[in-house]
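*Asks:* Let me give you the structure first, and then I'll get to my questions.
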Amino acid sequence: MRELQISLNQTQKIRLQRALELLESISSKANSDASVIVADTIPLNYDDGVLKGHGTLDLNGEVVATICGVVERVNKLIYVRALRARYKPEVGDIIVGRVTEVAPKRWRLNINYSQDAVLMLSSMNLPDGIQRRRTAVDELNMRSIFEENDVICLERGQLLTVSPYLVKRRKQHFHHLEQYGIDLIFGCNGFIWIGEHVDPTEDMMIEDQVNKSEQKGSKFEGTFGNQVQERVYTPLETRQNICRTANAIRVLSNLGFIMTVEVIMETVSLSFSLNINVHEMLGSEFCVLTAEKEAERRTSSKKRG
């Protein structure tokens, strides 16, 4: 668990310590065979012709770990996944990026890596939807698509940054939380997006109508003008849900908990059940309650298992 940056009184410190110790004991028992530290021997069956990968070393006829982490096995490949490490991009990763520079024929993106990512103009779908070569006019209009500080393809929400090791690679990184009217995107690079739910079909229809209206010189009056206003305006309840979910993630990040939809939603539900305001979620008492609730949940899961 990381060092918390909040002020706790003596009682809260004791309660938090108990909860964290319980969580650590449950985690260590569950991963006793998988967790290793530097110089630990990794048990292998050499008859299978294993391949030694990252974080391993062949020493005196044994395979030992060179980093602290969890032993992973993919077919015949054995490697150690570091518990805490800087984000390393891999093919197929779902990530969220922020534009840092509009360069010739490309955008440079901050993806929480040692180097910026590059999004080429040729990779973008143009507003008119026609497949054609990009021209000098398209290059001059790049800022009409994305400009500095834009979060790629996203609007009306919040971008949070957590340690990349808290976000595991999963089959599903896009989540629609229907009960709260928001979308949640877990970036493998530690960037998490929380925003108002966007229906892609509806957005495409509105964009098409906007283009047609612009061609006719329309000022978006009448029924369509009302639709545009409704699309831009985010209801107060939805904004509160976005902020509440964002604070739940901040609390879980401070505690060093792995980010999953289930844990985040349980934290949000806990704040509702205790009638805690959004800003109070960042206080010391709610942090302790969250740790205690997670310890209780894992204990119950272990008993059922």
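The values are calculated or read from the model by the stated rules, or taken from the named source; none is laboratory data. On a predicted model such as this, the values are computed, not experimentally measured, just so you know. Every residue, glycine among them, receives a Cβ derived from its backbone with ideal geometry; neighbour counts consider all protein chains shown. The area values use the complete protein model at the heavy-atom level, side chains included, leaving out ligands, DNA and RNA. Shrake-Rupley method; radii C 1.70, N 1.55, O 1.52, S 1.80 Å.
*Asks:* Taking the conditions exactly as written (surrounded by 15 or more Cβ atoms within 10 Å (Cβ to Cβ), part of a loop (DSSP other than H, G, I, E, B) and out of contact with any His (no Cβ under 6 Å at 6 or more places or on another chain)), does VAL63 satisfy them or not? Step through it out loud before you land on a result.
*Replies:* Working: surrounded by 15 or more Cβ atoms within 10 Å (Cβ to Cβ): yes; part of a loop (DSSP other than H, G, I, E, B): no; out of contact with any His (no Cβ under 6 Å at 6 or more places or on another chain): yes.
So VAL63 does not fit the description; no.
*Asks:* Ok, one more. For the stretch 166-281, which strands (runs of 3 or more DSSP E) that fit wholly inside it have 1 or more residues that are at pLDDT 90 or above and closer than 29 Å to LEU16 by Cα?
*Replies:* Details: elements: 174-177, 182-186, 191-196.
Counting at least 1 such residues, we get 182-186, 191-196.
*Asks:* Then there is this: Mind checking which residues of the stretch 256-282 are loosely packed, with under 15 Cβ neighbours inside 10 Å and small (Gly, Ala, Ser)?
*Replies:* If the condition is that a residue be loosely packed, with under 15 Cβ neighbours inside 10 Å and small (Gly, Ala, Ser), then SER269, SER273 are the ones that fit.
*Asks:* To continue, here is another question. Counting only residues that are among the polar types (S, T, N, Q) and open to solvent by 80 Å² or more (accessible area, probe 1.4 Å), which one in the stretch 97-121 is modelled with the highest pLDDT? If you could, list the steps in order and put the result at the bottom.
*Replies:* The first filter runs over the stretch 97-121 and keeps only residues among the polar types (S, T, N, Q), leaving 100, 110, 112, 114-115.
Add one more test, that the residue is open to solvent by 80 Å² or more (accessible area, probe 1.4 Å), and what stays is 114-115.
Details: SER114: 87, GLN115: 90.
Among those residues, the one meeting the criterion is GLN115.
*Asks:* List the residue pairs whose Cβ atoms are under 6 Å apart, where the first residue sits in the stretch 55-81 and is aromatic (Phe, Trp, Tyr), the second is open to solvent by 60 Å² or more (accessible area, probe 1.4 Å), and the two are 6 or more positions apart or on different chains.
*Replies:* As it stands, the answer is TYR79/HIS54, since those pairs meet every condition given.
*Asks:* Next up: Identify, please: which residue in the stretch 244-255 is of a type outside the set (Ser, Thr, Tyr) and open to solvent by less than 20 Å² (accessible area, probe 1.4 Å) and is, among those, farthest from GLY195 (Cα to Cα)?
*Replies:* Taking the stretch 244-255 and keeping what is of a type outside the set (Ser, Thr, Tyr), we get 244, 246-252, 254-255.
Subsequent filtering for residues that are open to solvent by less than 20 Å² (accessible area, probe 1.4 Å) retains 246-249, 251-252, 255.
On the way: ALA246: 10, ASN247: 13, ALA248: 14, ILE249: 14, VAL251: 18, LEU252: 19, LEU255: 23 Å.
The extreme case among them is LEU255.
*Asks:* OK, next. Please work out which residue is nearest to PHE186 (Cα to Cα), limiting yourself to the stretch 66-96 and to residues that are small (Gly, Ala, Ser) and open to solvent by 40 Å² or more (accessible area, probe 1.4 Å). I'd like the intermediate steps shown before the answer.
*Replies:* Within the stretch 66-96, the first condition is being small (Gly, Ala, Ser), and the residues that meet it are 69, 82, 85, 92.
Applying the additional criterion that residues be open to solvent by 40 Å² or more (accessible area, probe 1.4 Å) yields 85, 92.
Working: ALA85: 17, GLY92: 14 Å.
Looking at the filtered set, the residue picked out is GLY92.
*Asks:* Can you report the number of residues in the stretch 283-293 which are closer than 21 Å to ILE26 by Cβ and open to solvent by less than 10 Å² (accessible area, probe 1.4 Å)?
*Replies:* From the stretch 283-293, those closer than 21 Å to ILE26 by Cβ are 287-293; that's our starting set.
After this cut, where a residue has to be open to solvent by less than 10 Å² (accessible area, probe 1.4 Å) as well, the list is 287-288, 290-291.
Residues meeting the conditions: 4.
*Asks:* Right, another one. Hey, any hits in the stretch 157-169 for a residue that's farther than 30 Å from ILE42 by Cβ, open to solvent by less than 70 Å² (accessible area, probe 1.4 Å) and aliphatic (A, V, I, L, M)? Quick ask: steps written out before the conclusion?
*Replies:* Of all residues in the stretch 157-169, those farther than 30 Å from ILE42 by Cβ come to 157-161.
Filter again for open to solvent by less than 70 Å² (accessible area, probe 1.4 Å), leaving 157-160.
Checking which are aliphatic (A, V, I, L, M) leaves us with 159-160.
Within the stretch 157-169 (the criterion being farther than 30 Å from ILE42 by Cβ, open to solvent by less than 70 Å² (accessible area, probe 1.4 Å) and aliphatic (A, V, I, L, M)), the answer is yes, since at least one residue qualifies.
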